[in-house]
1. For the chain, what is the accessible area per residue in Å², given a 1.4 Å probe and the full set of protein chains?
2. Roughly to the nearest percent, how much of the accessible area of the chain is carbon and sulfur, given a 1.4 Å probe?
3. If each of residue 16 and residue 113 carries a label point 7 Å out from its Cα toward its Cβ, how far apart are those two points in nm?
4. Please enumerate, by chain and number, the aspartates and glutamates with C-alpha under 15 Å from the C-alpha of residue 112, excluding those fewer than 8 residues away in the same chain.
5. When only C-alpha pairs under 8 Å and at least 6 residues apart count, what is the relative contact order of the chain, in percent?
6. Report ³J(HN,Hα) in whole Hz for each residue of segment 92-108, in order, from the Karplus equation J = 6.51 cos²θ - 1.76 cosθ + 1.60 where θ = phi - 60°; Gly and Pro get x.
7. Which residues' amide hydrogens lie under 5 Å from the amide hydrogen of residue 111, considering only partners 5 or more residues apart or on another chain, with H built in the peptide plane?
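The values are calculated or read from the model by the stated rules, or taken from the named source; none is laboratory data. These figures come from a predicted structure and were not determined experimentally. Here the Cβ positions follow ideal geometry from the backbone for every residue, glycine too, while neighbour counts run over all protein chains shown. These area figures cover heavy atoms from the full protein model, side chains too; ligands, DNA and RNA do not enter into them. Shrake-Rupley method; radii C 1.70, N 1.55, O 1.52, S 1.80 Å.
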Amino acid sequence: ADHTHASTGLQGGVLTLSKSLTIEAPTASENVGIFCGVAGYTITKVRAVLVGSATPSVTWNLKYGTDRSAAGTAVWTVAKTTTGVTTGDTFTSFDNAAMTADAWLWFISTAKSGTVTQIEVTVEYRLT
């Protein structure tokens, strides 16, 4: 089952919104929607952590576009690989972080190894 969660908060006087996605028993070919922004927004931080054992690893990326059936634009030119099961990974640098209104944001995975029970991803963003 896939789960999402939303929250808001002020960071440095700027309203920061977030969406979280949990994918249980992820595969090497996930393609899961996170949300559709009603206004333009810019991703400011992404965090990811695994639940698993036996050297778990997931290679993944985020994509966005107004046409969910199209290839979309990758947030990073090179996909990220998460192996951490404690504090995970935090990303604050992006190749393509600014999305237009009505753009869908989705998670894709391209590789998985070890025993991965879950991958949890949180996307922080601000409206533009």
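1. Result: 50 Å² per residue.
2. 51
3. According to this spin-label approximation, the distance is 3.3 nm.
4. Counting by Cα, and skipping residues close in sequence, residue 112 has these aspartates and glutamates nearby: 24, 30, 120.
5. Contact order relative to length: 42 percent.
6. After applying 6.51 cos²θ - 1.76 cosθ + 1.60, I find 10, 10, 9, 7, 9, 10, 9, 10, 7, 4, 6, 8, 7, 10, 9, 9, 10 Hz.
7. Sorted by chain and number, the residues that satisfy this are 59.
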